[in-house]
Amino acid sequence: MAAGLSGALNITAFDVVMPCSSLYHATAWGLPYIAPINGSKLVLPADKMGAGDLDELIAAEGVTVSGGVPTIWTNYLDFLGRTGKTTGTLKRLIIGGSAVPRAMAETFAQKYGVTVLQLWGMTETCPLGVVATPTPALLAHGTEYAQEVIWTRQGRMQFGIELKVVDENGAQVAPDGQTPGALFVRGPWTVQRYFKADKDATDDEGWFDTGDIVTLDAEGFMRITDRQKDVIKSGGEWISSVDLENAAIGYPGVKIAAVVGVPHPKWEERPILVIETHSAAEVSAEGVLAHLASQVAKWWLPEKVYFDSIPLTATGKIDKKRLRQRYVQ
């Protein structure tokens, strides 16, 4: 009900919806229900999740809206570039699961006329949390400012969920859009207790610790800077793997980028960057580092750049646990 509102995913009876999320995953508890309650045609790709298969379904069924994790659409863009095909009837993509690279969204919008809607959620929020849709207050600052907010944040609070950010001392952080902290959520369909657990997963006031490190601004827009388990602390300061990855994705020839922290004798941890390139692309470590140096602080720059295939989880996210095991030495 919440995700189907016009201020959220805005699905209508004129849409043909193709969810590209595994049906056992929380993301799929949304679109297969949102489509029928709005009278939309629903197209299910089953296990045919390759870019060519999705292209055929879009053409054959007139798909207008689809959704899935970023890696699915990275592969789809690669397919379009290699074949010279267009996106056909596709008008909107709903992308979540991990941060959406701005370069990807801009390519879809500028080259193919497809609008990308960024969102954040998790199994424990069943699954919607925030959606990057504008508000009158945001647009009052101007279109350029509104676009910057929408593409540097995962989205704004939706009906049925509350957010707060807490610092290392347990104090609530003022919504200034700058100060990062741990994200807590609560609401009528947010988790209370895990299956077979003896205790609630929430505190006495119903707040659940999401495990994400975020900032929250005064207009309710949230930006993920990292997962608590993925955050890199170097010399006592935080380095955002998400920001580094998104910057690296913007370099020509980079298909997927992953940043993980590895032990360092002096700085405790330092970031390394693993890149999977597009087929036949020639990408150098020097070129990538020079590109990053223009976008992030010098001390954020990765210690090393590796070129390798990047492992994915069953839901299509980057498997950082396996990457750490691979490069810890």
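Overview of values
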quantity: Complete set of residues in the stretch 304-318 that are at pLDDT below 90 and either surrounded by fewer than 14 Cβ atoms within 10 Å (Cβ to Cβ) or charged (D, E, K, R) (or both); calculated: A314, K317
quantity: Residue within the stretch 121-142 that is touching a strand residue (DSSP E or B) at 6+ places or on another chain (Cβ under 6 Å), among the small types (G, A, S) and at pLDDT below 90 present; calculated: yes
quantity: Options V274, V254, V283: the member that is closer than 21 Å to L77 by Cβ, surrounded by 15 or more Cβ atoms within 10 Å (Cβ to Cβ), over 20 Å from the mean Cα position of the chain (by Cα) and at pLDDT 90 or above; calculated: V283
quantity: Matching residues, the stretch 80-122, being charged (D, E, K, R), touching a Phe, Trp or Tyr at 6+ places or on another chain (Cβ under 6 Å) and part of a strand (DSSP E or B); calculated: none
quantity: Count of residues meeting criterion [surrounded by 16 or more Cβ atoms within 10 Å (Cβ to Cβ), over 16 Å from Q118 (Cα atoms) and modelled with pLDDT under 90] in the stretch 3-24; calculated: 1
quantity: Enumeration of residues in the stretch 129-150 that are closer than 17 Å to L216 by Cβ and either β-branched (V, I, T) or within 14 Å of the chain's Cα centre (by Cα) (or both); calculated: G129, V130, V131, A132, T133, T135, V149, I150
quantity: Residues that are hydrophobic (A, V, I, L, M, F, W, C) and either within 19 Å of Q192 (Cβ to Cβ) or not in a loop (DSSP other than H, G, I, E, B) (or both), drawn from the stretch 160-173; calculated: I161, L163, V165, V166
quantity: Tally of residues being among the charged types (D, E, K, R), loosely packed, with under 15 Cβ neighbours inside 10 Å and at pLDDT 85 or above across the stretch 200-233; calculated: 4
quantity: The stretch 309-329, residues that are outside any helix (DSSP H, G or I), touching a residue at least 24 places away in the same chain (Cβ under 8 Å) and either within 22 Å of the chain's Cα centre (by Cα) or at positive phi (or both); calculated: S309, I310, L312, A314, T315, G316, K317, I318
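The values are calculated or read from the model by the stated rules, or taken from the named source; none is laboratory data. None of the values given here were measured: they were computed from a predicted structure. Methodologically, a virtual Cβ is constructed for each residue, glycine included, from the backbone with ideal geometry; neighbour enumeration extends over all protein chains shown.
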